[in-house]
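In what follows, a structure is listed as structure tokens, so that the remarks can point back to it.
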Amino acid sequence: MFVYPSGLDLSSSHLRFLTARLRERRRAIGSRWRRLSAGRQALLALAHLRMGHTYAQLAAGFGIGTTTAYRYITEVVDLLAALAPTLEQAVRQASAKAFVLLDGTVLPIDRIAADRPFYSGKHKKHGMNVQVLADPAGRLLWASPALPGAVHDIRAAREHGILDALTSAKIHCWADKGYQGAGPAVRVPYRGRWETLSEGQQAVNRSQAKIRALVEPAIATLKTWRLLRKLRCSTTRITSLVQAVLTLHLTCSN
């Protein structure tokens, strides 16, 4: 396998933050020697998350075994996922905002047609449903654990406790038609064919569409991490990957 120099479109704060967390972990567990330093292990994991390179490709580039690359990356992902904010923490932060935006996205996975629980009829592909909360400026506040792609957005929001949390905190939320029946805290467009809506209802839907469009940058933030554009790992690992990316974004991008 050939190797070549490459680069990561991340700030140095990502590398410094992750290196510091790894050094703390190594001291805590009494790790004396590794094939890679804390800084190199951090770079290895960032390359995997940001670029989506396989373990074999990264192992060749870093001069380590594929199993070692897998173990080092898994350690980093679990470490970052444990630092991700909870829904309660995100709601407390959102309470200082004028309103929040709620939407779901499907992260594509490499499943076959027989895997019906992972097939999203709306998006016409296999994937995992992730719910996203964003502030009025379109900044990512929180991303939920991943559920199979066949799960509808409103069901996912209920299972994660998002709707109850927003209602309890009296936070106004804007969402699309997929959240019809979500309760008083969530404002959704009027249902029905466009030509059957009154002029007032059409005006409301146009206004809401402009507001809801602000959630798209938050979803795009997740997918700038190329690993999340086409996941080839076990579906049980996807929540940890999403939470790891969330931690890196919130900690290092502000």
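Numerical summary
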{"read-out": "Accessible area in the full protein assembly, largest first, 1.4 Å probe, for LYS170, LYS124", "value": "LYS170, LYS124"}
{"read-out": "Cut-off 15 Å, label 7 Å out along Cα→Cβ of ARG92, residues of the stretch 163-189 by amide N", "value": "169"}
{"read-out": "Once the Cα gyration tensor of the stretch 109-254 is diagonalised, semi-axes √(5λ) in Å", "value": "27, 20, 15"}
{"read-out": "Antiparallel %, DSSP beta bridges [both residues in the chain], to 5", "value": "75"}
{"read-out": "The stretch 138-211 shape via C-alpha gyration tensor axes, a/c threshold 1.5", "value": "prolate"}
{"read-out": "Apportionment of accessible area to carbon and sulfur, the stretch 1-130, percent (1.4 Å)", "value": "55"}
{"read-out": "Ordering of 141-149, 204-212 by burial proxy (mean other Cβ atoms within 10 Å per residue, highest first)", "value": "141-149, 204-212"}
{"read-out": "Other-chain or far-sequence residues with amide H under 5 Å of LYS125's (modelled H)", "value": "SER120"}
{"read-out": "P(r) of the chain over all Cα-Cα pairs, binned every 5 Å from zero, in whole percent", "value": "1, 6, 12, 15, 16, 15, 12, 9, 6, 4, 2, 1, 0, 0, 0"}
{"read-out": "Per residue accessible area in Å² of the stretch 126-205, where ligands, DNA and RNA are left out and the probe is 1.4 Å", "value": "46"}
{"read-out": "Order of exposure, largest accessible area first, which applies to PHE17, PHE2 with probe 1.4 Å", "value": "PHE2, PHE17"}
{"read-out": "The chain: DSSP helices with Cα axial extent of at least 20 Å and average Kyte-Doolittle hydropathy no lower than 0.0", "value": "66-81, 238-252"}
{"read-out": "Centre separation in Å (Cα based) which lies between the stretch 1-60 and the stretch 190-254", "value": "28"}
{"read-out": "Accessible area of the stretch 151-254 belonging to carbon and sulfur atoms, whole % at 1.4 Å probe", "value": "51"}
{"read-out": "Whole-number accessible area per residue in Å² for the stretch 14-61, which is evaluated in the context of all protein chains at 1.4 Å", "value": "54"}
{"read-out": "Shape of the stretch 1-101, Cα gyration tensor, a/c cut at 1.5", "value": "prolate"}
{"read-out": "Mean separation of Cα contacts under 8 Å, 6 or more apart, over the residue count of the stretch 99-254: relative contact order %", "value": "26"}
{"read-out": "Integer Hz, Karplus 6.51/-1.76/1.60 couplings in order for the stretch 188-196, x for Gly and Pro", "value": "10, x, 5, 8, x, 5, 4, 6, 8"}
{"read-out": "Computed Kirkwood radius, in angstrom, where 1/r is averaged over Cα pairs of the stretch 62-173", "value": "15.9"}
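The values are calculated or read from the model by the stated rules, or taken from the named source; none is laboratory data. Quick caveat, the model's predicted, so the values are computed rather than measured. Note: ideal-geometry Cβ built from the backbone for every residue, glycine included; neighbour counts use all protein chains shown. Side chains included, ligands, DNA and RNA excluded: accessible areas come from the protein's heavy atoms. Shrake-Rupley method; radii C 1.70, N 1.55, O 1.52, S 1.80 Å.
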